[in-house]
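Have a look at the structure below before the remarks.
The values are calculated or read from the model by the stated rules, or taken from the named source; none is laboratory data. Given the structure is predicted, the values throughout are model-derived calculations rather than measurements. Reconstructed Cβ throughout: ideal geometry from the backbone, glycine too, with neighbour counts over all protein chains shown. Protein only, heavy atoms only, side chains kept; ligands, DNA and RNA dropped before computing areas. Shrake-Rupley method; radii C 1.70, N 1.55, O 1.52, S 1.80 Å.
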Amino acid sequence: MKFKLLVLFCGSLCTAAMAQSDTTAQADSSLTTAVRKINFFPVAYYTPETAFGFGIKVVHLRRPKGSLSSDRPISYSPTLIYTTQKQILTAFTADVWRQNNRQHIYGLLEYNDYPYFFFGVGNDTRPENEEAYTSRTVNLTGQFEQRITSKVYLGARYDLKRETIPVRKENGVLAKNEIIGSNGFVASGLGPSVIYDTRDNLFTPKTGAYHQAYAQYFGKFLGSDTNFMRYRLDLRKYFSGVGPGVIALQSMFMFTTGDVPFQFMSPLGGVNVMRGLLEGRFRDDNAMVYQAEYRFPLFWKISGAAFAGTGQVAKYSEDFSLSRFHFTGGGGLRYKLNNEGMVVRGDIATSKEGVYIYFAFSEAF
């Protein structure tokens, strides 16, 4: 049985850009003074890939003078982590809301020197195919969204990824350079997105829905090594009144076409998508994922969760089959950090691959 242990005393704060329906301005009261807060979070963790890692995350939250109580805070967050295996993880995020949530700007700049596992491409790759590799990556993301109705945002997203792979398994699949991206890659892509959001809370919703669809074109004229497309449809729904807790449901569909590097193929596994599988345990051009979670209060600021997921990958969408699904499940605890609904969670998840333990900020979906 393989175990993956990740322990964070304080880790990444969720600053992902998600739209949320606003109450009317008439019902809000203005803040009379500006709000600024800086928090320092020490980070410590352990994984078999990195051994021990240590670092710090800084979160700067602010609200300009005269903001409405429904306005989302502006946040800036640098992170620096170093491991005993001499690996480096750095990131800087900026999450900016303007004009009473009518405009949203999100930016991310990362440099990571980090280990991953590659099992091959397809829905039936075997655990013994595992080969470790080290990725050195610079990631840049820019996103802009404009609200067009009280529930709908339209926007665009740009992604740049420059990756080198200095360490690969000798005589492994990646070392043979037979797969696009096995010797590193440059990808530059741009495309539109649309979001429909009726959630009652950005971080821990109890009612409403969140639906997002986007398409991105990665082309040589934008700086990519090859031409390919990436599509994603993410559908989420939240139900309260089911006992003392909340049921959260997610359906996610990912598709790629063209000369796709393996890093951009549709994956299963990770801290948010089918916990219980290593990140990218299965990958191919197309993927479908279904997840369900029941979140319930326990005592004080502690709550619990039970979850399950199923999914599969395929070269072509017509290859999807009821007999090819992978299954995961587990449970965990959440600790409420503040009145805005931010949480830190610890989950234990299992699949036929083994047992995995996760600690992270924010709900999985």
> Out of all the residues in segment 148-163, which are more than 17 Å from residue 209 (Cα to Cα) and surrounded by 15 or more Cβ atoms within 10 Å (Cβ to Cβ)?
Replying inline: 155, 156, 157, 158, 159, 160, 161, 162, 163
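Only one of these is modelled with pLDDT of 85 or more, in a strand (DSSP E or B), over 29 Å from residue 172 (Cα atoms) and not charged (D, E, K, R): 117, 92. Name it.
On the way: 117 fails: over 29 Å from residue 172 (Cα atoms).
Answer to the check: 92.
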>> Give all pairs with beta carbons closer than 8 Å in which a residue from segment 322-348 that is within 24 Å of residue 253 (Cβ to Cβ) meets a residue that is assigned to a strand (DSSP E or B) and acidic (Asp, Glu); count only pairs at least 6 apart in sequence or on separate chains.
In response: 330/347
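Which of the residues spanning segment 259-318 are part of a loop (DSSP other than H, G, I, E, B) and within 18 Å of residue 348 (Cβ to Cβ)? Before you say what the answer is, go through the steps one by one.
So the first thing to find is which residues in segment 259-318 are part of a loop (DSSP other than H, G, I, E, B), and the list is 259-261, 265, 269-281, 285, 300-301, 315-316.
Result: 269, 270, 271, 272, 273, 274, 275, 276, 277, 278, 279, 281.
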> Here are 255, 359: which of them is under 19 Å from the mean Cα position of the chain (by Cα), surrounded by 15 or more Cβ atoms within 10 Å (Cβ to Cβ), under 25 Å from residue 132 (Cα atoms) and not small (Gly, Ala, Ser)?
Replying inline: 359
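Checking the conditions here, which among 309, 280, 243, 304 is open to solvent by less than 10 Å² (accessible area, probe 1.4 Å) and at pLDDT below 95? Show your work before the answer.
On the way: 309 fails: at pLDDT below 95; 243 fails: open to solvent by less than 10 Å² (accessible area, probe 1.4 Å); 304 fails: at pLDDT below 95.
Residue meeting the stated conditions: 280.
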>> Every residue in segment 102-146 that is open to solvent by less than 50 Å² (accessible area, probe 1.4 Å) and within 29 Å of residue 198 (Cα to Cα), please.
In response: 103, 104, 106, 107, 108, 141, 142, 143, 145
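For segment 196-220: of the residues being assigned to a loop (DSSP other than H, G, I, E, B) and hydroxyl-bearing (Ser, Thr, Tyr), which is surrounded by the fewest Cβ atoms within 10 Å (Cβ to Cβ)? Give the derivation first.
Our first condition is that a residue be assigned to a loop (DSSP other than H, G, I, E, B); within segment 196-220, this holds for 198-207, 219.
Next, only the ones that are hydroxyl-bearing (Ser, Thr, Tyr) stay: 198, 204, 207.
Values: 198: 17, 204: 20, 207: 14.
That would be 207.
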> Any idea how many residues of segment 324-349 are at pLDDT 95 or above and of a type in the set (S, T, N, Q)?
Replying inline: 1
> Of all residues in segment 164-195, which are in a strand (DSSP E or B), hydrophobic (A, V, I, L, M, F, W, C), more than 22 Å from the chain's Cα centre (by Cα) and surrounded by fewer than 18 Cβ atoms within 10 Å (Cβ to Cβ)?
Replying inline: 167
